[in-house]
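Comments concern the structure below.
The values are calculated or read from the model by the stated rules, or taken from the named source; none is laboratory data. The structure presented is a predicted model; accordingly, all values stated were derived computationally and were not measured. Neighbour counts are summed over all protein chains in view; Cβ atoms, including those assigned to glycine, are modelled from backbone coordinates with ideal geometry. Surface accessibility is based on the protein's heavy atoms, side chains included, excluding ligands, DNA and RNA. Shrake-Rupley method; radii C 1.70, N 1.55, O 1.52, S 1.80 Å.
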Amino acid sequence: MKTLKFLNLLLIPLFGMISFAACSSDDDDPEQGSDDPKPEELKLKTFEENVNGVAFTMIAVPGGSFNMGTNEDFKQGSQNNDDEKPAHKVTLDSYYIGETEVTQALWQAVMGSNPSSFKGAQRPVENVTYKQCVQFTEKLSKLTGKAYTLPTEAQWEYAARGGQKSKGYLYSGSNSLRGFWYYDTTKEYDPENPYLTHVGEHQEVKLLWGNELGIHDMSGNVGEWCSDFYAPYTSSPQVNPKGENPYYGNVRVYRGGSFEYDPFHCRITCRFYSNEDWYKENGYPEYSFNNLGLRLALPQNYK
């Protein structure tokens, strides 16, 4: 017993020296990272909202910097689209983004109608124009007291990449074609096989795994309107870009591909745009399709 007490007395100062050395090492190495969250991240918590009996979740996305777009050729041999280049540094403040695409149930709860072609409460709403989506966010904001919007194109891509947790996937959350709903012209659609991800219509949200942040269906299923006007990329670094200046007239961005797009067009960096003016000039109604919906965004200081 005396021997055991003696050993304890010897070990106590030894452990103290080890602890002190470890602390000193952190102070001496300015490159040493810390796992402690930043003060703004402590306030940023994923939360659930409920509107007229319909619940939805907003995922916290801690801000940071990333290279938006790409300078590389597509890994499977094809060239990337020119408007995905050049890659450029973008820095974003923290924000929230919808865990899923806006469902038909949520749209119905807010707008009192459902314009979708393929009906299903837990399917994404589609066949909605950019203007209708803005009206939806405005009505939702009044109901909740929070400033809901469409995500900017930069917010969309950063979240699709997984934010600070990004693993560099080709698609959102995966390099596998099993990770998202897409269209494959080489295979026949089989509605009896629930494991196919090449499909003939959009599917319920959140059936497949989420990305690094727990966000679902950012590749495939339905495309998602962003708030930006469409414009070419530049190499200049940007902070919280919003794409507020019309470059080609009334042309808006949407992202993510869809169940009607092949895998190449469901990549994280792939961009799409609407041309409302051309659409109307050629006798079409406003720009809306059964493969195009939306996802919500919310600034960090929403109260």
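In terms of the mean number of neighbouring beta-carbon atoms within 10 Å, the peptides 290-296, 218-224, 81-87, 236-242 order highest first as 218-224, 290-296, 81-87, 236-242.
Take segment 106-155 with all the other protein chains still there, run a 1.4 Å probe, and you get 41 Å² of accessible area per residue. For residue 290, neighbours were defined as the other residues whose beta-carbon sits under 9 Å from its Cβ, and their charges (Lys and Arg +1, Asp and Glu -1) total -3.
For segment 222-291, the set of chymotrypsin sites (Phe, Trp or Tyr not before Pro) satisfying both a DSSP loop assignment and a count of at most 16 other C-beta atoms within 10 Å is given as 247, 248. The accessible surface of segment 173-303, taken with every protein chain in place and a 1.4 Å probe, is 48 percent carbon and sulfur. Across segment 97-250, C-alpha contacts under 8 Å between residues 6 or more apart give a mean separation that, scaled by the residue count, equals a relative contact order of 25 percent. Of the cross-linked pairs 119/242; 139/280; 45/206; 142/167; 43/139, those separated by over 30 Å at the C-alpha level are 119/242; 142/167.
For segment 225-296, applying the loop criterion from DSSP together with a ceiling of 14 other beta carbons within 10 Å to the GluC sites (Glu not before Pro) yields 244, 286.
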